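Engineer: The structure is given below, and queries will be raised subsequently.
Throughout, read-outs are computed from the coordinates displayed, never taken from laboratory work. The structure displayed is predicted, hence computed values, not measured ones. In this analysis, Cβ positions are derived from the backbone assuming ideal geometry, glycine residues included, and neighbour counts consider all displayed protein chains.
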Amino acid sequence: MLSLALSDVSVSYPGLAEPALFLSDLSITAGERVAVTGPSGSGKSTLVNILTGLDRATRGSIVWQGTDIARLSEGARDRWRYQNVGLIMQDFHLFAGLSAIDNVLLPARLRLDADNALKARAASLLDRVGLGGRDQPIATLSRGEMQRVAVARAVLRRPGILVADEPSASLDAASGAVVADLLDTLSREDGTTLIVVSHDDRIVNRLDRRIHLIRGRIHPDESSSS
Amino acid sequence: MMRLILADLRRLWLGAAVVLVLVALATALGMAVTLQERALRLGSARAADSFDLIVGAPGSETQLVLSTVFLQPSPLPLMKGDVLARLAADPRVAFAAPVGFGDFFGTYPIVGTSSDLATDAGHRPLAEGRLFAQTHEAVAGAGTDLRVGDIIHPMHGRPDQSGSVHKEAAYRVVGRMAPSNTPWDRAILVPIEGVWAVHGLHAGRHQEHEGEEPDSHDGDEPSRQIHQSGGWAADLPGLPAIVVKPKTIADAYRLRAAYRTDSALAVFPGEVLTNLYGTLGDARTVLALVVTGAQALVGAAIALIAIGHVSQRRRQIGALRALGAPRIAIFGIVWGEIFALVAAGITAGLGLAYLAARLISAEISKGNGVTLPVAFEGSDASRVLALVAAAGLLAAIPAALAYRQPATAALRH
Ligand SMILES: Nc1ncnc2c1ncn2[C@@H]1O[C@H](COP(=O)(O)OP(=O)(O)O)[C@@H](O)[C@H]1O
Ligand SMILES: [Mg+2]
């Protein structure tokens with residue numbers, strides 16, 4: 001449930017004539033649930049990268065609840081992201097040698113932060129996503145099940161911001177629906193600010209608002225509030 | 001983090017095993033050379049230990065030591081017969097024992113000498129039986145398969161060439177020596193008078209035995225009493241070597257000086273061996289360079305593999321960052337994974353080197369009786385530490401690459 005105020009942001013890459021992303025002004029209120037849509041190459045992942053501090057904007061400020069992450073050092077952005085952002089990616093990025101629960105706990109472990117309370121929450125979250133007590137190798141899970149593990153991992157520490165980049169793009173329709181459902185209910189429960197990049201109407205239609213990107217810019221006609 | 005490293009190594013076990021084996025072999029190569037070289041040095045020094053001073057005819061010091069200490073078959077020039085008598089009478093000498101080679105039984109060298117050398121003047125008891133007391137009696141070394149009571153026929157010449165058997169001559173084994181862990185364990189000791197008799201030489205005797213002129217030119221004569229400790233006649237046949245036990249260390253140096261003349265060459269075997277190793281020093285340096293080069297190549301290969309591995313996993317590393325992992329954790333994972341693998345390889349290599357050196361030493365012992373003691377030394381620790389440090393630095397290269405890698409890779413397709 002963090003609010004965002006983004007102003008005068010542009011992201012340029014060498015070799016590209018136009019900036020990959022150009023946003024003069026964008027606000028998201030705390031707990032708002034936003035869909036980001038747009039054709040391939042329109043800058044959706046670029047937006048996710050700068051909103052989560054994975055990448056630095058060429059210009060502009062990205063203020064989350066008073067913290068301009070554009071001004072943070074790389075290490076400080078990593079820490080800020082760990083504390084505030086849960087990220088779900090199209091390719092799940094689970095680690096094959098680890099069990100489901102070890103995958104859920106991995107980010108906390110890498111920060112030496114996994115206490116018993118967190119371990120208990122990890123187990124209950126796996127229950128919640130329908131994978132409780134499953135101790136099979138991660139590689140033998142179905143793709144839908146993998147993405148559910150990734151959702152549990154993202155919400156483990158009750159982040160203020162949940163960001164998903166095309167979470168159902170590599171899933172079949174039924175699995176995509178389950179993941180959409182989970183994102184919806186889990187963020188609603190905790191009042192988490194939710195940003196989902198997706199083409200999937202089943203997700204987009206559930207959310208409060210839609211931002212449509214075309215060639216790195218917000219397209220006003222197709223952006224809507226409800 | 002440990003879990004992630006272990007899981008990763010388990011998953012990539014084949015590549016990990018290859019790296020481990022490479023490192024183990026490179027480590028073992030270097031360590032085995034060191035261990036073996038040291039074993040050779042210690043073993044030969046120990047073999048030379050019981051020979052304080054060796055006197056021979058002028059010629060090669062090295063050959064004199066190799067023939068006397070290691071019983072290496074090769075013809076030595078002979079000294080005049082009176083040297084032994086002079087040495088035996090020298091007040092600085094505890095004992096002077098003749099040494100005569102040339103005959104074999106199978107592959108066992110038959111060494112003609114006196115009771116002094118066989119028992120270190122009474123300090124070293126036999127393991128079994130008694131000492132030779134007659135010309136046709138023999139004492140077998142601990143490493144031979146001869147038993148008391150066996151009869152042996154000496155053969156003249158080197159065992160690998162077809163020598164002539166002295167058919168008529170025979171020695172009866174009357175005792176067995178205690179093991180000395182030197183090539184002498186494979187020797188058969190007989191009285192020098194026996195060797196002379198077999199070769200039909202004028203077996204000179206001390207005055208107390210005069211009148212017993214040898215009458216034949218073959219080994220057919222009856223066994224006779226032999227000379228016990230004490231004086232030797234001056235008109236003995238020529239000898240290839242005399243082992244001298246000086247009374248004191250100072251005497252040893254004086255004797256060596258006194259017997260480096262036109263007719264005699266006195267050497268300290270330890271010193272000759274040290275010089276020999278000095279000569280071999282260059283070869284050792286070259287070998288060490290080759291080994292270091294091989295290790296550096298393996299190191300470079302592993303660094304390349306690791307760098308390739310890291311760049312193949314850009315997205316995975318990006319994902320870890322996206323999930324909030326600090327860069328230092330990324331560094332730690334990559335570094336830890338490579339370092340654990342290389343450290344395990346080094347450990348395995350040390351074991352492998354030890355085993356290899358033991359095997360080689362055992363093989364050498366079987367051949368010539370020298371026991372080569374294989375052991376790690378304090379100085380090895382610094383070599384191992386240097387290897388471990390090199391591994392740590394090596395692992396830091398791909399780890400640093402992973403550390404510097406941008407965090408955005410996870411969302412790119
Ligand atoms: N590191 C980069 N270097 C150069 N161009 C890039 C880089 N990352 C993204 N782009 C370009 O930026 C544009 C937007 O990319 P992206 O945000 O991934 O699109 P989307 O996620 O909407 O498909 C694309 O034209 C892409 O080629
Ligand atoms: Mg994208």
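Engineer: Work out, in µm²/s and without decimals, the Stokes-Einstein translational diffusion coefficient of region A:44-146 at 4 °C, 1.567 mPa s, Rh from Kirkwood over C-alpha pairs.
Structural biologist: The calculation lands on 83 µm²/s.
Engineer: Take the alpha carbon atoms of the protein assembly as shown, find their radius of gyration, then divide it by 2.2 N^0.38 Å using N residues; give the quotient.
Structural biologist: Dividing the Cα Rg of the protein assembly as shown by 2.2 N^0.38 Å gives 1.67.
Engineer: Where does the charge balance sit around A:ARG188 when Lys and Arg score +1, Asp and Glu -1, over other residues with C-beta under 10 Å from its C-beta?
Structural biologist: After counting each charged neighbour, the total is -1.
Engineer: For region A:4-219, how big is Rg over Rh, using alpha carbon atoms and the Kirkwood form of Rh?
Structural biologist: 0.96
Engineer: How do B:GLU61, B:GLU193 line up, fewest other C-beta atoms within 10 Å first?
Structural biologist: Least crowded to most crowded, the residues run B:GLU61, B:GLU193.
Engineer: Give me the orientation-averaged projected area of the Cα convex hull of region B:259-413, in nm², one decimal.
Structural biologist: The number I arrive at for region B:259-413 is 13.6 nm².
Engineer: Continuing with this model, one more query. Determine ³J(HN,Hα), in whole Hz, for all residues of region B:174-180 in sequence, where each value follows from phi through the Karplus function 6.51 cos²θ - 1.76 cosθ + 1.60 and θ = phi - 60°; x replaces Gly and Pro.
Structural biologist: Rounded to whole hertz, the list is 10, x, 10, 7, 6, x, 10.
Engineer: Right, next: Would you mind ranking A:ARG134, B:ARG176 by Cβ crowding within 10 Å, fewest neighbours first?
Structural biologist: The order, fewest Cβ neighbours first, is A:ARG134, B:ARG176.
Engineer: If you plug each phi of region B:191-196 into the Karplus form 6.51 cos²θ - 1.76 cosθ + 1.60 with θ = phi - 60°, what whole-Hz ³J(HN,Hα) values come out, in order, with x for Gly and Pro?
Structural biologist: Coupling constants for region B:191-196: x, 4, 4, x, 4, 4 Hz.
Engineer: Principal axis extents for chain B, Cα atoms only, whole Å, descending order, please.
Structural biologist: Rounded to whole Å, the extents work out to 110, 43, 34 Å.
Engineer: Using the Karplus curve 6.51 cos²θ - 1.76 cosθ + 1.60 with θ = phi - 60°, work out ³J(HN,Hα) for each residue of region A:17-29 in order, rounded to whole Hz, and write x for Gly and Pro.
Structural biologist: Working through the residues one at a time gives 5, 9, x, 5, 8, 9, 10, 6, 6, 8, 10, 10, 7 Hz.
Engineer: Mind sorting A:ILE138, B:ILE338, B:ILE110 by how few other Cβ atoms lie within 10 Å of their own Cβ, fewest first?
Structural biologist: If I rank by nearby Cβ atoms, fewest first, I get A:ILE138, B:ILE110, B:ILE338.
Engineer: Can you tell me the relative contact order of chain A? Whole percent, Cα pairs under 8 Å, sequence separation 6 or more.
Structural biologist: 28 percent
Engineer: Quick one: which residues, 5+ away or cross-chain, put their amide H under 5 Å from the amide H of A:SER12? H built at 1.01 Å from N.
Structural biologist: A:ALA20, A:THR58
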